[in-house]
């Protein structure tokens, strides 16, 4: 990836106890993603591709246009932050994926979403 199309992706996650019901294996996790254009040309986020794996090794694949109903344009130095949620059947899981982007010069490229953990507090040591 050239410095022209450098996108930083910074995830954080948290357990949403009020929407979860562990007695029926329903665990809800919120996650916030900050997407920052670290390159030298503007780029638009077109689509997302997620792999969400629970503690039993079951993987959900999610694809779709934009994020939270938006296709943000990021100029050099700008960032976009959004929050969404994922539901698992286990108290621990992981997420990773990529965003499909297009630069202002029409070049398509992928911005990798680093793997991050979903876990209820005090589950992982």
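Would region 51-63 turn up any residue that is surrounded by 15 or more Cβ atoms within 10 Å (Cβ to Cβ), part of a loop (DSSP other than H, G, I, E, B) and touching a strand residue (DSSP E or B) at 6+ places or on another chain (Cβ under 8 Å)? Before the answer, list the steps.
Pass one, region 51-63, residues surrounded by 15 or more Cβ atoms within 10 Å (Cβ to Cβ): 51-55.
With the extra rule that they be part of a loop (DSSP other than H, G, I, E, B), the set shrinks to 55.
If we keep only those that are touching a strand residue (DSSP E or B) at 6+ places or on another chain (Cβ under 8 Å) too, we end up with 55.
Looking for residues that are surrounded by 15 or more Cβ atoms within 10 Å (Cβ to Cβ), part of a loop (DSSP other than H, G, I, E, B) and touching a strand residue (DSSP E or B) at 6+ places or on another chain (Cβ under 8 Å), one finds at least one in region 51-63, hence yes.
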> From the set of residues in region 29-41 that are touching a residue at least 60 places away in the same chain (Cβ under 8 Å) and within 23 Å of residue 63 (Cα to Cα), which is surrounded by the fewest Cβ atoms within 10 Å (Cβ to Cβ)?
Replying inline: 31
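Could you check how many residues of region 21-42 are part of a strand (DSSP E or B) and more than 17 Å from the chain's Cα centre (by Cα)?
Number satisfying all stated conditions: 3.
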> So how many residues does region 68-112 have that are more than 24 Å from residue 26 (Cβ to Cβ) and buried (at least 16 other Cβ atoms within 10 Å of the Cβ)?
Replying inline: 11
> Which condition number in (1) touching a strand residue (DSSP E or B) at 6+ places or on another chain (Cβ under 9 Å); (2) modelled with pLDDT of 95 or more; (3) over 14 Å from residue 11 (Cα atoms) is the one that residue 81 fails?
Replying inline: (3)
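Taking the condition part of a loop (DSSP other than H, G, I, E, B) and free of Cβ contacts under 8 Å to residues at least 60 places away in the same chain, does residue 18 pass?
Numbers: part of a loop (DSSP other than H, G, I, E, B): no; free of Cβ contacts under 8 Å to residues at least 60 places away in the same chain: yes.
Considered against the rule, which asks whether it is part of a loop (DSSP other than H, G, I, E, B) and free of Cβ contacts under 8 Å to residues at least 60 places away in the same chain, residue 18 comes out as no.
Please state which one of 101, 95 is over 30 Å from residue 122 (Cβ atoms) and part of a strand (DSSP E or B). Walk me through how you get there before you give the answer.
Values: 95 fails: over 30 Å from residue 122 (Cβ atoms).
When all the criteria are applied, what remains is 101.
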>> Any residue in region 4-15 that is assigned to a strand (DSSP E or B) sitting within a Cβ distance under 7 Å of a residue that is surrounded by fewer than 17 Cβ atoms within 10 Å (Cβ to Cβ) and at pLDDT below 95? List the pairs, counting only those 6 or more apart or interchain.
In response: 15/121
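The values are calculated or read from the model by the stated rules, or taken from the named source; none is laboratory data. Remember, predicted model here, so these are calculated numbers, not experimental data. Neighbour counts run over all protein chains shown; Cβ positions are idealised from the backbone, glycine included.
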